[in-house]
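So the structure is just underneath, and the comments pick up after that.
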Amino acid sequence: MIGRLNHVAIAVRDAAAASALYRDALGAKVSAPMALPEHGVRVVFVELPNTKIELIEPLGPLSPITKFLSKNPGGTIHHLCFEVDDIDAAREQLKGAGTRILGGGSPKIGAHGKPVLFLNPKDCAGILIELEQL
Ligand code: CO
């Protein structure tokens, strides 16, 4: 069902500062920081030949990243995003397998303007998984 690894999201306190590592030390192509207020994050995209790294920083007091960073103050992997062809079919397959979907189970429009689902990390070996229909 799942296809390419679309991105690895890493929660950090300061996305611009973290991006310097990828740009200056690791020599990657790095975007300018972009605020996504409707998602409560500021993001820097690190473009790699086979996938992306997204450095996500909390934006605003209600950011979903704030609590995560309070438990992981040094920053760490927040989620993995895999591509799927058909998000409704993916949802049905997951339901059949007993994998819980966060937020009521219906696809929502994600940070890239595409339909996404987030799966309960307790059902996913401890990792938050995002599925995105391209
Ligand atoms: Co994501």
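Structure notes:
- Among the residues listed as ASN6, ASN50, the single one being modelled with pLDDT of 95 or more and open to solvent by less than 50 Å² (accessible area, probe 1.4 Å): ASN6
- Sub-7 Å Cβ pairs linking a first residue in the stretch 36-50 that is within 13 Å of GLY110 (Cα to Cα) to a second residue that is open to solvent by 90 Å² or more (accessible area, probe 1.4 Å), at least 6 apart or interchain, are GLY40/LEU62, ordered by first then second residue.
- In this structure, THR99 does satisfy being surrounded by 14 or more Cβ atoms within 10 Å (Cβ to Cβ), more than 16 Å from the chain's Cα centre (by Cα), among the β-branched types (Val, Ile, Thr) and more than 13 Å from the ligand (Cβ to nearest atom).
- Applying a threshold of 9 Å to beta carbon distances and a minimum spacing of six or more residues, or different chains, the list of pairs starting in the stretch 6-18 at a residue that is within 17 Å of ALA32 (Cβ to Cβ) and ending at one that is open to solvent by 20 Å² or more (accessible area, probe 1.4 Å) and in a helix (DSSP H, G or I) reads VAL12/ALA18.
- Restricting ARG91, ARG4 to those that are within 16 Å of the ligand (Cβ to nearest atom), of a type in the set (Lys, Arg) and within 20 Å of PRO121 (Cα to Cα) reduces the list to ARG4.
The values are calculated or read from the model by the stated rules, or taken from the named source; none is laboratory data. Quantities reported herein were computed from a predicted structural model and do not represent experimental measurements. For neighbour counting, all protein chains shown are included, and Cβ atoms are generated from backbone atoms with ideal geometry for every residue, glycine included. Remember, those area values only see protein heavy atoms, side chains included, never the ligands or the DNA or RNA. Shrake-Rupley method; radii C 1.70, N 1.55, O 1.52, S 1.80 Å.
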